[in-house]
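The values are calculated or read from the model by the stated rules, or taken from the named source; none is laboratory data. Just so we're clear, the structure is a prediction, and the values are computed from it rather than from any experiment. Neighbour counts run over all protein chains shown; Cβ positions are idealised from the backbone, glycine included. These accessible areas exclude ligands, DNA and RNA; they are computed on the full protein's heavy atoms, side chains included. Shrake-Rupley method; radii C 1.70, N 1.55, O 1.52, S 1.80 Å.
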Amino acid sequence: MSSEGKKLFNIIILGVSFMFIFTAFQTCGNIAQTVITNLNNTDFHGSGYTSMSIIYGVLSASNLISPSVVAIVGPQFCMVISGIFYSLYIAVFIQPTTWAFYTASVFIGIAAAVLWTAQGNCLTVNSDENTIGRNSGVFWALLQSSLFFGNLYIYFAWQGKTHISESDRRTVFIALTVISLVGTVLFFLIRKQEDTKAPGDEDATNEILGESSSAQNKMMRAVAAFKKSITLSFTKEMMLLSVTTAYTGLELTFFSGVYGTCIGAVNRFGSEQKSLIGLSGIFIGVGEILGGGIFGLLSKNSRFGRNPVVMLGILVHFIAFYLIFFNMPNDAPIAPMEGTDRVAYMIPSKEVAMLCSFLLGLGDSCFNTQLLSILGFLYSEDSAPAFAIFKFVQSICAAVAYFYSNYFLLQWQLLIMVIVGFFGTITFFAVEWEAAAALAARGSDYSSI
């Protein structure tokens with residue numbers, strides 16, 4: 001197999017592995033608050049929103065050290081260990097206890113930081129400036145297909161149910177734990193690239209790579225990765241992109257945790273309200289896959305760069321927020337176990353709710369494929385620190401959003417996303433224009449990025 005073929009093989013294996021792990025984890029996140037609401041009459045007294053807030057809070061802090069961990073351990077082994085912790089978190093729901101639930105939330109936060117930093121490094125070292133757009137799209141489409149499979153099962157398994165029994169819960173979470181472990185094992189199929197640089201080490205040479213097993217050299221690489229993370233954090237481009245990244249953290253929280261809870265709380269949806277959570281996840285997945293496929297695989301044919309895709313993303317999201325505001329009761333995110341009988345500005349429509357799910361997924365893929373692409377393009381020599389900063393900002397904003405989701409009505413959550421999304425789009429445009437100018441100065445074709 002040619003070098004280019006090996007790299008594409010690695011990208012596909014990376015995407016398939018993440019697809020399995022996040023089929024389990026994203027389905028778990030989508031139904032967690034609904035499952036927990038049905039548990040709170042027992043000895044269990046946890047909150048799905050609080051758990052996610054802990055996860056993303058710990059994740060953001062852990063991104064300060066994750067480049068160093070990847071530098072010492074290596075991206076492949078980091079992803080394997082992280083996948084095991086994801087599986088343990090999901091397994092907690094089989095027989096949940098409050099202490100185990102929150103303890104697992106802390107550990108998966110650390111694991112997620114390492115996993116995503118290693119993923120960014122693996123994506124970058126298997127790409128160049130001509131393939132980063134394609135590879136970002138391929139990975140994103142495979143990753144987000146996870147939303148389809150898990151939620152399809154939830155839709156059929158929970159159809160007609162207004163209460164989730166202990167048997168229902170155990171069956172679902174045993175299956176999700178096994179799926180997560182399958183994805184973890186697949187990481188072993190990724191083939192090492194012998195000519196790649198150590199994360200965070202700009203001046204790595206073949207000699208250093210050959211001696212990377214020495215403890216002293218690994219420590220030097222770890223310190224270099226940490227210093228590089230701090231340095232990159234204060235560059236103009238990274239600070240501007242951080243606003244865009246902050247928006248992806250807020251909308252990630254909304255579509256992956258809050259919106260499904262809103263749908264499940266609307267009593268006017270009748271006996272379908274719980275199964276519609278799964279159907280909503282499917283439509284989000286369809287939007288994600290469509291966006292990842294189109295904007296990733298067709299990126300080489302774009303003569304206008306990344307800005308039009310991001311512009312489409314924010315317009316699609318603004319339409320979705322407008323429809324959700326009219327369709328969903330204002331108290332849906334914080335409704336009690338009995339749900340809500342309130343009506344917004346129209347009688348709640350299942351069709352409109354599913355359309356909004358699709359638009360949320362499509363818009364999210366627009367932002368994330370282009371952020372992955374521009375980070376890989378701008379920081380090809382410093383991929384691990386750059387992706388660590390990306391996840392740091394995204395995660396801390398997701399943690400804040402999950403925290404306020406316990407208290408804020410729907411209208412305020414939508415307003416916050418509109419404001420941050422508007423400014424995030426403008427800052428992305430600024431960075432992309434500078435990247436285009438730098439590329440033109442080098443004499444490269446702008447459409448190749």
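Observations on the structure shown:
- Each residue of the range 88-105 is assigned a 3J(HN,Hα), and the resulting list reads 5, 4, 5, 5, 4, 6, 5, 9, x, 10, 4, 5, 5, 4, 6, 5, 4, 4 Hz, derived from the Karplus form 6.51 cos²θ - 1.76 cosθ + 1.60 (θ = phi - 60°), x at Gly and Pro.
- Farthest positive-ward along the range 229-442 dipole, Cα basis, beta-carbon charges - from Phe283, Trp412, Phe295: Phe295
- Surface analysis of the chain yields an accessible area of 39 Å² per residue, using protein heavy atoms and a 1.4 Å probe.
- Fraction in percent of alpha-carbon pairs per bin - 10 Å, the range 286-441: 10, 32, 34, 17, 7, 1, 0
- 3J(HN,Hα) couplings calculated from phi for the range 4-13 with the Karplus curve 6.51 cos²θ - 1.76 cosθ + 1.60 (θ = phi - 60°) are, in sequence order, 5, x, 5, 5, 5, 4, 4, 5, 5, 4 Hz; Gly and Pro show x.
- With every protein chain in place, the chain: carbon and sulfur % of accessible area (1.4 Å): 68
- Positive-pole candidate from Phe93, Phe20, Ser68, dipole of the range 1-190, charges at beta carbon: Phe20
- Förster radius 45 Å - calculated FRET efficiency between Ile230 and Leu415 (Cβ-Cβ, nearest 0.05): 0.85
- Measuring nothing but how far apart in sequence close Cα pairs (under 8 Å, 6+ apart) lie, relative to its length, the chain scores a relative contact order of 28 percent.
- Taking 31 Å as the limit for the C-alpha separation, the pairs Lys7/Lys274; Lys7/Lys350; Lys6/Lys391; Lys6/Lys236; Lys350/Lys391 exceed it in the case of Lys7/Lys274; Lys7/Lys350; Lys6/Lys236; Lys350/Lys391.
- Mean Cβ neighbour count within 10 Å, used as a protection proxy, ranking 258-268, 62-72 highest first: 62-72, 258-268
- The range 1-190: relative contact order in percent, alpha carbon pairs under 8 Å with at least 6 residues between: 45
- Estimated distance in nm for a label pair at Phe107 and Glu166, the labels positioned 7 Å out from Cα along Cα-to-Cβ: 2.4
- Spherically averaged projected area of the convex hull of Cα atoms, the range 1-190: 11.1 nm².
- Each Cα pair under 8 Å and six or more residues apart adds its separation to the average, and for the range 229-442 the resulting relative contact order is 39 percent.
- Computed [θ] at 222 nm, helices only, for the chain once each DSSP H run of length n ≥ 4 contributes -39500 (n - 2.57): -25000 deg cm²/dmol
- Reciprocal of mean inverse Cα separation for the chain (Kirkwood radius, Å): 21.9
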